[in-house]
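One structure is given below, encoded as structure tokens.
The values are calculated or read from the model by the stated rules, or taken from the named source; none is laboratory data. Source: prediction; values computed, not measured. Backbone-built Cβ (ideal geometry, glycine too); neighbour counts: all protein chains shown.
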Amino acid sequence: MNDEIRYERHVRRIFRIPLLVLQPLILLIFPLSLLSNPLIGSPFKPRYFAVMVLLLAVTALLCLARSARMMNIAFTGNIWALAFAFRIEINDGGALGHYWNLPIAILTTLGTCGLTYRLKDYLITLSGAWFILFVGQDYLAPATMPRQLVWMLIGTTLAIGIAYNYVNSNWMRRTFIMKERYRILAETDALTGIANRRKLLEELEAAIGNSGEQPCHFVMLDVDDFKSINDRHGHQGGDEVLVALADEMSNLDPALVVGRLGGEEFGILAIGLSAPQLSEILDRLRAKLAQREQQSITFSAGAIQLQVEDSLGELLRRADEALYLAKREGKDRVIWAL
């Protein structure tokens, strides 16, 4: 999963509840304004009911949104629909009704500035709302309102809204980056740079649940004679062997999830590969490690096919037994668990 997808999920978690809580307020504002507006006559005109149906439709779209992008589009649709609803009400209010265009535009500008995660989206939302509220008019406010004050009010409102959205959007991005750093630290083995035990077992447990849909296999492998390597080359040499093995494993195949289980023990999770395909990959790994100039490396491994009914503990136990059998039969080999 790339960083942008993770960021959109992060944004969706932040915005989903506030936006859903805001929806009842958006749905109530328009009918309440109709009931309390003395300028429009009856609040039960057919066009008002049609507008309410539109507001309910865009609210449903927001509730059903499954991605940050769709949620953002639905929110923009909500604001435009609300602006359209008020424009109809303002037009029905005659000359006095047009005193409300600017206040509603200002409330929209300030009320939405913290509810989009990109400045571009905020500006699109605002542009559409202001266009809907003022299209067809020759003025932004009635002539009785001083022009200088009107422009100062508009400029100040836009400056506040844009500045707040910019700061808030950057804060969310920085928060996400910090969160990702902590996540990577929590899931990465410090020495080798591949997944640590916790992360690998999480992936393995998830793969067990999906193993009925596609073939999934797990390999537990252990560096042969690692204690002797440490004795001959010191701990620095031992660490270099572990890093070299991790590097080779990482470059084997994009379908593999590799991780360090602890010490000189590693794990490989193969999703969507058959047993012969995985065996060929492991043979390729053994050949590469044997040809290293600095220090040839061999490993013993226990491999197992995942089944939906397997528990994580049972699967690890069977893989470990196969690994032990590979060690006992002479090392430098892969044994498949029955």
When region 226-240 is checked residue by residue, the ones that are surrounded by 16 or more Cβ atoms within 10 Å (Cβ to Cβ) and either in contact with a Ser or Thr (Cβ under 8 Å, 6 or more places away or on another chain) or of a type in the set (S, T, N, Q) (or both) are 230
Collect the residues in region 290-308 that are assigned to a loop (DSSP other than H, G, I, E, B) and either under 16 Å from residue 217 (Cβ atoms) or hydroxyl-bearing (Ser, Thr, Tyr) (or both), keeping them in residue-number order. 296, 298, 306, 307, 308
Here's a check for you: in region 163-187, which residue that is of a type in the set (Ser, Thr, Tyr) and either modelled with pLDDT under 95 or in contact with a Phe, Trp or Tyr (Cβ under 7 Å, 6 or more places away or on another chain) (or both) is surrounded by the most Cβ atoms within 10 Å (Cβ to Cβ)? 169
Please verify whether residue 253 is at pLDDT below 90, at negative phi, in contact with a helix residue (DSSP H, G or I) (Cβ under 7 Å, 6 or more places away or on another chain) and not polar (S, T, N, Q), treating the condition exactly as stated. yes
Answer with yes or no whether residue 62 is part of a helix (DSSP H, G or I), free of Cβ contacts under 8 Å to residues at least 60 places away in the same chain, over 23 Å from the mean Cα position of the chain (by Cα) and crowded, with 18+ Cβ neighbours inside 10 Å. no
Based on this model, can you work out whether residue 264 counts as crowded, with 20+ Cβ neighbours inside 10 Å and either modelled with pLDDT of 90 or more or not hydroxyl-bearing (Ser, Thr, Tyr) (or both)? yes
If you scan region 134-162, which residues turn out to be modelled with pLDDT of 95 or more and either surrounded by 12 or more Cβ atoms within 10 Å (Cβ to Cβ) or of a type in the set (Phe, Trp, Tyr) (or both)? 157, 158, 160, 161, 162
Only residues in region 263-289 that are assigned to a loop (DSSP other than H, G, I, E, B) count as the first member; pair them with residues that are aliphatic (A, V, I, L, M), Cβ under 7 angstrom, at least 6 apart or cross-chain, and list the lot. 264/223; 264/242; 272/255; 273/255
Is it true that some residue in region 134-153 is of a type in the set (Lys, Arg), closer than 16 Å to residue 29 by Cβ and over 32 Å from the mean Cα position of the chain (by Cα)? no
Reported set for region 195-218 where residues are in a loop (DSSP other than H, G, I, E, B) and either under 21 Å from the mean Cα position of the chain (by Cα) or surrounded by fewer than 14 Cβ atoms within 10 Å (Cβ to Cβ) (or both) is 212, 213, 214
Can residue 18 be described as assigned to a helix (DSSP H, G or I), under 30 Å from residue 171 (Cα atoms) and either out of contact with any helix residue (DSSP H, G or I) (no Cβ under 6 Å at 6 or more places or on another chain) or not small (Gly, Ala, Ser) (or both)? yes
Can you find a residue in region 14-36 that is free of Cβ contacts under 8 Å to residues at least 12 places away in the same chain, closer than 16 Å to residue 92 by Cβ and either of a type in the set (Gly, Ala, Ser) or surrounded by 15 or more Cβ atoms within 10 Å (Cβ to Cβ) (or both)? yes
So, in region 1-59, exactly how many residues are at pLDDT 90 or above and of a type in the set (D, E, K, R)? 2
Could we say that residue 190 is buried (at least 17 other Cβ atoms within 10 Å of the Cβ) and part of a loop (DSSP other than H, G, I, E, B) here? no
Here are some residues: 311, 300, 274, 296. Which one is hydroxyl-bearing (Ser, Thr, Tyr), under 26 Å from residue 338 (Cβ atoms), surrounded by fewer than 20 Cβ atoms within 10 Å (Cβ to Cβ) and more than 30 Å from the chain's Cα centre (by Cα)? 274
Breaking point among (1) surrounded by fewer than 21 Cβ atoms within 10 Å (Cβ to Cβ); (2) closer than 17 Å to residue 192 by Cβ; (3) in contact (Cβ under 8 Å) with a residue 60 or more places away in the chain, for residue 252: (3)
Scan region 165-187 and give yes if some residue there is charged (D, E, K, R), part of a loop (DSSP other than H, G, I, E, B) and over 30 Å from residue 108 (Cα atoms), otherwise no. no
